Every structure is written in structure tokens, then in C-alpha cells.
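Novice: Just dropping this structure here.
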Amino acid sequence: MQWKDATDKSADAIAKEMQTSLDGLTVDEVMRRREEYGANQIEEHSVRWWHTLLRQFQSSFIYLLLVAAGLSFLLGERTEAEMMLLFLLINTLFGFFQEHHSIKTLDLLKKYLVSRSRVMRGNEEVSIESRDIVPGDVLMLAAGDKIAADVYFIESHDVMVDEEILTGESVAVEKIGGALKERTEQMYQAKNIGFAGTVLMRGRGVGVVIATGGDTAMGEVAHLTETTNRESTFEKGILRFSRFIMRLVIVTLTLIFLVNLLIKGEGANPMELLIFSLVLVISVIPEALPFVITVSLSRGSLRLAKKKVVVKRLSAIEDLGSVEVLCSDKTGTLTENKLTMEKVYADSKKQCLYAAVLASDYAGLEKGEDVDPFDEALWNAIDAKEREALLACTKISEAPFDPVRRRNSAVIWDQEERWLIVRGAPEAIIEISTHLSFEQKAKYLRWMAMQGEDGRRVLAVSHKPLPGKAQFSLERDESDLEFLGLISFVDPIKETAQEAINEARRLGIEVKIITGDSKEVSGSVATRIGLIASPHEVILGEELEALAHTKKLEMVRKYSVFARVSPQQKYMIIELLQETKEVGFLGEGINDAPALKLANVALVVQSASDIARSAADVVLLDTSLKVIIDGIREGRSIFANIIKYIKTTLTSNFGNFYSVAIASLLIPFVPMLPLQILLIDILSDFPMIALATDAVDTEELQKPKGYNVRDVVLSATILGVVSSMFDFILFATFYQKGEGVLQTNWFMLSLFTELVLIFSLRSRRPFWKAKRPSTILVMLSLAMLTIGVTVPFTQFGQRVFHFAQPTHSSVVWILSLVGVYFFATEVVKRLYCRITEG
């Protein structure tokens with residue numbers, strides 16, 4: 001039975017439908033139901049290590065490298081093939097080890113199913129393993145117990161349950177026995193249902209099991225988490241680039257073959273065409289891209305760690321920079337997640353506060369035990385002298401909080417006389433207090449309403465002396481009380497919250513609160529931090545869910561605060577936002593797991609539940625929104641530097657690609673050998689890696705960035721044509737001097753132009769107005785330039801890479817050509833930026 005279907009049914013109806021009684025099930029019936037429903041555990045779906053390993057090969061770049069390596073082996077070029085396979089091995093092993101340590105979500109969910117439970121079996125109370133519970137079992141529950149299955153309370157004695165892991169509600173909720181007045185589908189309204197994985201904070205109860213394992217509310221969360229697959233923004237962007245390059249290679253190779261056959265006819269040499277094909281493939285593949293990205297992201301993760309942001313999935317660093325909407329629960333991120341006493345509204349504030357503490361579990365507080373948050377807030381509000389006086393009093397008897405009475409009572413001996421202290425909901429306390437005029441009652445109720453609008457919770461206190469030694473009686477003594485006053489409580493706003501919201505706006509980030517808390521509390525918090533103008537600008541989860549799809553899309557864009565939201569509704573909100581935006585989600589409870597797994601970037605605080613931490617990409621060691629904003633800024637910086645690499649390497653590779661493709665139609669030999677192209681890639685990738693340390697222009701951080709394939713490809717194509725023009729100037733100069741001379745000189749020109757291109761494309765500003773490049777970038781570029789000039793002159797370079805010794809005049813001429821090329825790229829870059837920026 002689903003818990004939603006049980007809420008409005010009577011205890012007798014539940015017992016009849018579940019075919020059980022207070023005596024419990026018989027052994028035979030338990031065996032039959034165990035066979036029918038299975039064990040009370042969440043089904044496990046394990047991922048084998050070889051699945052993770054095979055997944056690393058699902059990339060167009062990998063396919064291209066394998067094709068190129070295969071061609072090299074066929075043509076006897078073992079060195080080229082081995083170097084390409086080395087790149088492939090590094091990338092594959094890194095991806096494998098990264099994923100192998102990823103999340104085991106369902107394993108951790110099972111931790112919340114307690115190991116043993118007390119049930120009635122054959123009219124006897126027995127302790128069994130929780131996995132052996134079946135629907136229809138009668139659970140005996142007491143304070144401190146974790147509920148092992150979804151139960152319908154048939155008896156409830158002062159039961160308060162902590163449901164934060166499922167609903168996000170930070171305060172324990174009361175539970176009652178028997179039917180509700182009407183059916184509900186909202187967890188926070190299900191006052192007669194105990195959910196699997198939640199904890200009894202107080203009281204005792206008896207419940208009939210209505211669902212086990214995967215059929216529980218937690219099972220629904222597990223299923224939603226299990227069936228959610230997320231592809232990061234980073235992965236989608238890289239996939240678009242790799243697909244584009246794959247299509248480019250296939251189309252160009254096809255055209256080259258056809259054009260060569262048309263022009264040369266029977267004179268076309270298949271082996272020659274294969275060599276050209278190999279050179280084309282190698283020239284266009286940014287084979288070091290995975291390695292460069294790994295280094296950039298690893299360095300970024302260390303920088304973020306210093307800012308108390310721990311990254312579990314490296315690509316999530318870059319994804320942080322793409323976040324357009326940041327969704328968060330208010331508790332623990334915007335607020336301190338700890339109730340404090342805010343105001344006392346009474347004729348004698350000191351007397352009112354002291355009486356409220358006397359009726360609390362102050363003995364447990366003194367021992368350091370976990371107690372009701374209200375009791376803890378009251379204890380913290382009095383000084384040491386008052387605590388000492390309070391501990392001298394004796395609690396003779398008490399009546400715990402009753403959801404029907406809406407109050408608790410305590411009889412205290414203060415060494416002189418007995419006092420009855422009653423505290424609870426203001427309406428209930430005012431009703432049993434005398435000597436209050438109509439105006440006074442209205443005044444107190446108005447103050448209570450005002451506090452409620454500000455998101456504060458209110459407790460009323462009254463008392464009276466108890467003469468004689470007669471035993472305390474609720475019916476006789478809880479009347480004719482003297483009203484002492486009202487006390488309000490608040491979860492304080494963090495000092496950094498408003499500053500973080502303002503900074504988010506400056507960075508173009510929308511912040512949205514998605515919480516299981518009440519409309520009043522969440523609206524008050526959002527107003528105080530400046531997120532919304534009025535506390536009424538809040539929409540309930542059930543209100544949103546009832547709308548048509550197009551209206552839902554409109555509402556998630558319009559509203560910034562969503563209250564009383566269930567796990568399924570959180571998932572729905574994230575899913576709706578993702579239709580138009582890149583979404584980051586910050587959560588901490590089991591109820592957040594599906595939304596965390598769906599979001600583009602999943603963030604949790606350090607104190608989050610195991611399941612939430614396991615589903616996260618990023619763990620915050622400081623539970624502050626400001627830390628997230630700092631992480632987003634760092635992510636954008638890393639993104640900007642990775643884009644610098646992609647633009648630079650694609651521009652250079654496209655230029656080489658065009659040059660080789662056209663040269664295949666005009667000259668009888670390849671203008672550069674495959675091994676020489678790989679050497680260029682290796683030498684140029686050292687300063688490319690150093691781009692991770694480069695400074696980023698301020699305007700690059702002002703708004704979320706995405707992988708704009710059109711912009712990158714268009715700019716790389718235009719600048720690639722510029723590069724090819726200079727290549728053909730070199731071809732025309734050295735073509736008649738022989739194959740080796742042309743290949744050597746083009747090697748030097750290609751390497752030098754790629755190095756200077758880094759300093760042009762590292763900023764959209766003119767070269768002289770850009771931020772100063774990092775020292776390591778400059779040093780590595782000069783080192784690679786020196787190697788590029790030196791290697792062709794060495795016997796090693798001439799023997800291994802087949803260089804022809806260049807002349808000093810040719811080197812000077814090439815360096816002059818590089819200077820003109822740099823000036824040309826700056827001019828074209830500025831024209832392109834002016835046109836595209838409008």
C-alpha cells in the first residue's frame with residue numbers, strides 16, 4: 001500500500017486491508033508474505049569495473065586516434081602509432097580511475113534501514129532483522145528508533161519524528177494515531193505516517209507496516225536516483241567538438257579521394273593517398289586535449305580546495321562556471337540551521353523565559369544529550385546564574401507534548417512551593433488562561449501573527465501555584481492559569497548570505513530556494529537576504545505540481561522561492577529549469593539525492609547525509625553560499641583558460657588541415673611527416689598546459705559561459721585560413737628545394753606560429769591591452785621555441801624525425817614571416833570580435 005492511500009483511512013480499515021491485528025502475524029503468514037514481497041531492502045544494481053573501463057572509449061577523439069594508429073601500423077610507422085596509443089592510454093586510465101571511485105548511491109541508501117526492529121509476532125513482541133519485516137507487521141516504536149519501513153500509526157504517545165532526511169523540515173514533526181480528516185499526498189501533512197529511515201525523537205508508538213523496501217517513500221527516492229542519468233555541461237561541450245571534427249575528417253577525406261581520382265585518374269597512388277589521409281587525421285586531432293584538460297582541472301581543484309571547496313568529479317569545476325541558476329535549501333546555507341530565542345513578549349520577560357526553561361528537558365541539556373531544538377534555544381538564552389538556580393529545582397511530574405492538546409506541562413518544586421507550568425501553541429495556552437481581557441488576547445494573537453509573517457515560531461507560557469500535595473491531574477489542574485507571555489524563535493541568517501546574493505547577481509546567477517520548510521519561514525528568509533521583495537512571493541510545491549507543463553515552466557522562471565517541496569517536486573523543478581538553463585543544486589538530505597544526481601552540478605555541505613555526499617560533484621567544507629559563488633568564479637576562470645586552448649589548437653590544426661588537404665592536389669609528397677606533426681603537438685602542448693595558470697580578463701567572469709561550438713569553429717576556421725595563407729607562402733618559397741627542406745621549414749613555421757598564436761588568442765582584447773601572461777606560460781613558450789629551432793640542426797632530429805638541416809637565412813626568414821603572421825591574426829581577431837559583439 002502506498003502511504004498516500006493510507007492517510008485518510010481508519011486504523012480498523014488499515015488492519016483489515018493489511019490482513020493483520022495487534023497480535024501480529026503468524027510465522028506461516030510471514031513466510032508467505034516474504035515470498036510475495038521480498039526482503040525489506042532496496043534493490044541493488046552494481047556497476048562492474050569493466051563497464052567503467054569500456055565507457056572510456058566512447059569518444060570520437062578516441063575513434064580518430066585508433067584509426068590513425070591503425071593506419072600508421074599498416075604503413076610501417078610504428079613510432080607514430082606507439083605515441084598515439086600512449087596518448088590514448090593516459091586518457092583512458094585517468095577516466096577509468098576517476099569514475100571507479102564514483103558514487104555507490106544505492107549502497108549508502110541501505111544504511112538508513114536499521115539493522116533490527118521490534119515487532120509483534122503471534123501475540124509476542126520479538127526483535128528481528130529489519131530486512132525480515134513484511135507488510136502487515138506491527139512495529140513497536142520508541143524514542144531513538146529508526147523506522148525500518150513505512151508505517152501507519154495506530155497508536156501515538158507524544159511521538160515526534162525527525163523527517164529532515166526526506167522532507168527537509170529542520171524541526172521534528174508530531175505524529176498522531178488514526179485517520180486524518182482528508183487524504184494528503186504531501187509528506188509534511190502525513191501526520192499519521194512514519195516513513196522508512198526517519199527517527200523517533202520523542203514518545204512511543206505502534207504502527208502497521210504498509211510498505212517495505214522499494215515500495216516505501218525512500219524506495220521511490222532510490223528509484224528516481226537510480227534512473228537518473230546526468231551528462232555534464234563539460235562533457236556535452238567536448239562531445240559537440242569531437243563530433244564536429246569527426247564529421248570534418250570524414251567529409252574532407254572523402255572529397256580528397258574523389259578529387260584526386262578525378263584529377264589524377266589512373267595515376268592516383270592508393271598508398272600515397274593513405275599517407276595523406278594519415279597526415280590529415282593527425283593534423284586535425286587535438287590528441288593532447290584530454291591531458292591538457294586534466295592538468296587544468298586538477299590545478300583548479302587544488303585552488304578550490306584552498307577555498308574550502310572539494311571537487312569529486314574534476315569536470316564539475318568547469319561545469320561550475322556554466323551555472324546560470326543555483327538552487328539551494330535555505331537551511332544551513334543561508335541560515336545557521338539552529339534555532340535561537342529571538343524575542344519575549346511579556347510583562348515580566350525574565351519570569352516568562354525562566355518558566356519556559358523549567359518546563360523543558362533541562363536535565364538532558366545539562367548532560368549534553370540531544371533534545372528538542374526549542375528546549376536547546378531556551379537553555380542557551382539564560383545565563384549561568386539562572387541555570388544554577390534552575391538545577392536546584394525538582395521536576396515532580398510532567399505531561400509530554402500532546403498533538404491534540406498542543407501543549408506540554410510540568411510540575412516543579414522550587415524548594416518553597418509547587419508550580420504547574422504549561423507551554424505550547426499560543427491559541428491553546430490563551431484558551432486555558434484566565435484574567436485575560438478580549439483586548440489582551442487580541443494583542444497577543446496579533447503579535448503571534450506578526451512573528452509568523454517574519455518566519456518565526458512562537459511558544460506561549462503560563463503557570464499557577466499548586467497548593468497541597470495532591471497528585472497532578474490534567475483535567476483538574478490545567479485551568480485557571482496565569483498567562484506569562486510569548487517567546488519567538490528564529491533560525492538566524494548567516495552574515496555572508498546577503499553579500500553572496502548580491503555577488504551572484506553581479507555574476508549573472510539566479511538564486512532559487514527550494515525547501516521543505518513552510519511558506520512563511522522560507523519567504524521571511526528570502527526577504528531578509530534581499531532575494532525577493534515580499535515574503536508572499538513564494539509558491540508551494542503542490543501548487544506548482546498541479547499546473548500544466550507550460551504554466552510550470554513560467555512559474556519556475558518567475559518564482560525564486562519554492563516551499564513545502566517533496567523530493568519528487570525538487571526533481572521536477574530542476575528538470576523544468578534545465579530545459580532552458582544550466583542548473584547547480586545544493587542539498588544535504590536523502591530527499592535531495594534525485595535532484596542532486598539530475599543537476600548539472602551537484603553540491604553538498606560537509607555535514608550532509610551519506611547519500612547526498614555520494615551523489616555530489618562538489619563538497620563544501622564551509623556551509624556558506626559565498627563559498628559556492630567563489631567556486632563558480634573559479635570555474636569560469638578555468639573554463640576561460642580551457643577555451644583558450646581549444647581555440648588556439650583548433651585554429652592551428654585547421655590551418656594545417658587545410659594546407660595538407662590542398663597540398664595533396666598540388667604536390668607529389670606530404671608537406672610534413674606524421675611524426676613531425678606529433679612533435680609539434682607535443683612541443684606546443686607544454687605552453688598550452690601553462691594556460692591553466694594564465695590570468696583571465698574581468699569581462700570573462702561577468703556572465704555564465706557555455707561551449708559555443710559555432711563561435712569557436714567559426715573563429716578557428718577564419719584564423720585557420722589566415723594560417724594556411726602563410727603556409728602557402730612558405731610552400732611557394734621552398735617547394736623546389738626538395739621534400740626534406742620543405743617539411744623541415746614548415747615544421748618550424750607551424751610550431752612558431754602556434755606558439756605566438758597562444759599570446760594572440762589568450763584574450764579578446766588587443767595583445768597590448770590584455771592582462772599580463774603568467775610567467776610559466778612565457779618561459780615554456782620560449783623554451784619550446786628554442787627546442788623547435790635547435791632540433792632540426794641536430795643529428796637526432798635528422799635521424800629520428802627526418803629533418804633536413806636548415807640554413808640560418810631560412811630560419812631568419814621564417815621568424816620574419818611569424819612576426820607578420822602575428823600582426824595579421826591580431827587584425828583579424830579584432831575585426832571578428834567587433835562583428836560578433838555587435
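The values are calculated or read from the model by the stated rules, or taken from the named source; none is laboratory data. Fair warning: this is a prediction, and the values are worked out from it, not measured in the lab. Glycine gets a Cβ as well: all are built from the backbone with ideal geometry, and neighbour counts include every protein chain shown. Ligands, DNA and RNA are excluded from the accessible area calculation, which covers all protein heavy atoms including side chains. Shrake-Rupley method; radii C 1.70, N 1.55, O 1.52, S 1.80 Å.
Novice: In contact with a strand residue (DSSP E or B) (Cβ under 7 Å, 6 or more places away or on another chain), without any contact (Cβ under 8 Å) to a residue 60 or more places away in the chain and either among the aromatic types (F, W, Y) or more than 25 Å from Y345 (Cα to Cα) (or both): does that describe E537?
Specialist: Taking the combined requirement at face value, the residue satisfies it.
Novice: Also, quick follow-up: Please verify whether D347 is among the acidic types (D, E), open to solvent by less than 60 Å² (accessible area, probe 1.4 Å) and within 22 Å of V461 (Cα to Cα), treating the condition exactly as stated. Give the derivation first.
Specialist: Numbers: among the acidic types (D, E): yes; open to solvent by less than 60 Å² (accessible area, probe 1.4 Å): no; within 22 Å of V461 (Cα to Cα): yes.
No: the conditions fail for D347.
Novice: Within the set of pairs 6+ apart or on separate chains, which have a first residue in the stretch 482-497 that is closer than 15 Å to V525 by Cα and surrounded by fewer than 20 Cβ atoms within 10 Å (Cβ to Cβ), a second that is at pLDDT 85 or above and among the hydroxyl-bearing types (S, T, Y), and C-beta atoms under 7 Å apart?
Specialist: P492/T340
Novice: Return the residues of the stretch 110-120 that are open to solvent by less than 50 Å² (accessible area, probe 1.4 Å) and at pLDDT 90 or above; say none if nothing qualifies.
Specialist: Once the filter is applied, which keeps residues that are open to solvent by less than 50 Å² (accessible area, probe 1.4 Å) and at pLDDT 90 or above, the stretch 110-120 yields V119, M120.
Novice: Please verify whether the stretch 497-509 includes one or more residues that are over 21 Å from K558 (Cα atoms) and either out of contact with any helix residue (DSSP H, G or I) (no Cβ under 8 Å at 6 or more places or on another chain) or among the acidic types (D, E) (or both).
Specialist: Within the stretch 497-509, one or more residues are over 21 Å from K558 (Cα atoms) and either out of contact with any helix residue (DSSP H, G or I) (no Cβ under 8 Å at 6 or more places or on another chain) or among the acidic types (D, E) (or both).
Novice: When you scan the stretch 502-511, do you find a residue that is outside any strand (DSSP E or B) and closer than 21 Å to G587 by Cβ, even just one?
Specialist: Yes; the residues of the stretch 502-511 include at least one that is outside any strand (DSSP E or B) and closer than 21 Å to G587 by Cβ.
Novice: Next up: Six or more apart or on different chains, Cβ atoms under 8 Å: show the pairs whose first residue is in the stretch 792-818 and within 14 Å of G738 (Cα to Cα) and open to solvent by 60 Å² or more (accessible area, probe 1.4 Å) and whose second is modelled with pLDDT of 90 or more and assigned to a helix (DSSP H, G or I).
Specialist: Partner pairs satisfying both residue conditions: H802/G740; H802/Q743; Q805/T744; Q805/P792; Q805/F793; Q805/Q798.
Novice: When E226 is evaluated against the numbered criteria (1) open to solvent by less than 20 Å² (accessible area, probe 1.4 Å); (2) under 30 Å from G38 (Cβ atoms); (3) at pLDDT below 75, which criterion, by number, is the only one it fails?
Specialist: Condition (1) is where E226 drops out.
Novice: Could you run through the stretch 430-464 and say how many residues are under 25 Å from K338 (Cα atoms) and in contact with a Lys or Arg (Cβ under 7 Å, 6 or more places away or on another chain)?
Specialist: Residues in the stretch 430-464 being under 25 Å from K338 (Cα atoms) and in contact with a Lys or Arg (Cβ under 7 Å, 6 or more places away or on another chain): 3 in total.
Novice: On to the next question. Sort out which residues of the stretch 129-148 are in contact with a Lys or Arg (Cβ under 8 Å, 6 or more places away or on another chain), in a strand (DSSP E or B) and under 14 Å from V209 (Cα atoms), and write them in order of number.
Specialist: Within the stretch 129-148, L139, M140, L141 meet the criteria.
Novice: Out of (1) open to solvent by 10 Å² or more (accessible area, probe 1.4 Å); (2) over 30 Å from L777 (Cβ atoms); (3) among the hydrophobic types (A, V, I, L, M, F, W, C), what's the single condition that is false for A616?
Specialist: A616 satisfies all of (1) open to solvent by 10 Å² or more (accessible area, probe 1.4 Å); (2) over 30 Å from L777 (Cβ atoms); (3) among the hydrophobic types (A, V, I, L, M, F, W, C) except (1).
Results for (1) in contact (Cβ under 8 Å) with a residue 24 or more places away in the chain; (2) buried (at least 18 other Cβ atoms within 10 Å of the Cβ); (3) within 28 Å of the chain's Cα centre (by Cα); (4) under 30 Å from R407 (Cβ atoms), shown as yes or no for each residue.
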{"position": "S127", "(1), (2), (3), (4)": "no, no, no, no"}
{"position": "D137", "(1), (2), (3), (4)": "yes, yes, no, no"}
{"position": "V151", "(1), (2), (3), (4)": "yes, yes, no, yes"}
{"position": "L166", "(1), (2), (3), (4)": "yes, yes, yes, yes"}
{"position": "A179", "(1), (2), (3), (4)": "yes, yes, no, yes"}
{"position": "E185", "(1), (2), (3), (4)": "yes, no, yes, yes"}
{"position": "K191", "(1), (2), (3), (4)": "yes, yes, no, yes"}
{"position": "G197", "(1), (2), (3), (4)": "yes, yes, yes, yes"}
{"position": "D215", "(1), (2), (3), (4)": "yes, yes, yes, no"}
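Novice: Here's another thing I want to ask about it. Quick check on the stretch 309-362: of everything there that is in a helix (DSSP H, G or I) and small (G, A, S), which residue is nearest to the chain's Cα centre (by Cα)?
Specialist: The extreme case among them is A316.
Novice: Please give the number of the condition D372 fails out of (1) surrounded by fewer than 21 Cβ atoms within 10 Å (Cβ to Cβ); (2) at pLDDT 90 or above; (3) in contact with a Lys or Arg (Cβ under 8 Å, 6 or more places away or on another chain).
Specialist: Exception for D372: condition (2).
Novice: If a residue has to be assigned to a loop (DSSP other than H, G, I, E, B) and either hydrophobic (A, V, I, L, M, F, W, C) or surrounded by fewer than 19 Cβ atoms within 10 Å (Cβ to Cβ) (or both) to count, how many in the stretch 727-778 make the cut?
Specialist: Result for the stretch 727-778: 8.
Novice: If I filter the stretch 472-480 for residues that are small (G, A, S) and modelled with pLDDT under 90, do I get at least one hit?
Specialist: Yes, the conditions are met somewhere in the stretch 472-480.
Novice: Further question: From S397, S409, grab the single residue that is crowded, with 20+ Cβ neighbours inside 10 Å and assigned to a strand (DSSP E or B).
Specialist: Being crowded, with 20+ Cβ neighbours inside 10 Å and assigned to a strand (DSSP E or B) holds for just one of S397, S409, which is S409.
Novice: Let me ask something else about it. Could you check G455 against (1) at pLDDT 90 or above; (2) open to solvent by less than 30 Å² (accessible area, probe 1.4 Å); (3) touching a helix residue (DSSP H, G or I) at 6+ places or on another chain (Cβ under 6 Å); (4) not in a strand (DSSP E or B) and say which number it fails?
Specialist: G455 satisfies all of (1) at pLDDT 90 or above; (2) open to solvent by less than 30 Å² (accessible area, probe 1.4 Å); (3) touching a helix residue (DSSP H, G or I) at 6+ places or on another chain (Cβ under 6 Å); (4) not in a strand (DSSP E or B) except (1).
Novice: Residue under question is T394, and the condition is that it be polar (S, T, N, Q), farther than 29 Å from P467 by Cα and modelled with pLDDT of 85 or more; does it hold?
Specialist: no
Novice: Answer yes or no as to whether V791 is within 27 Å of V827 (Cα to Cα) and part of a helix (DSSP H, G or I).
Specialist: no
Novice: Among the numbered criteria (1) open to solvent by 30 Å² or more (accessible area, probe 1.4 Å); (2) assigned to a helix (DSSP H, G or I); (3) of a type in the set (K, R), which one does R636 miss?
Specialist: Result: R636 passes all but (1).
Novice: With the requirement that a residue be within 21 Å of V722 (Cα to Cα) and aliphatic (A, V, I, L, M), what does the stretch 734-784 give you?
Specialist: The answer is L742, M748, L749, L751, L755, V756, L757, I758, L761.
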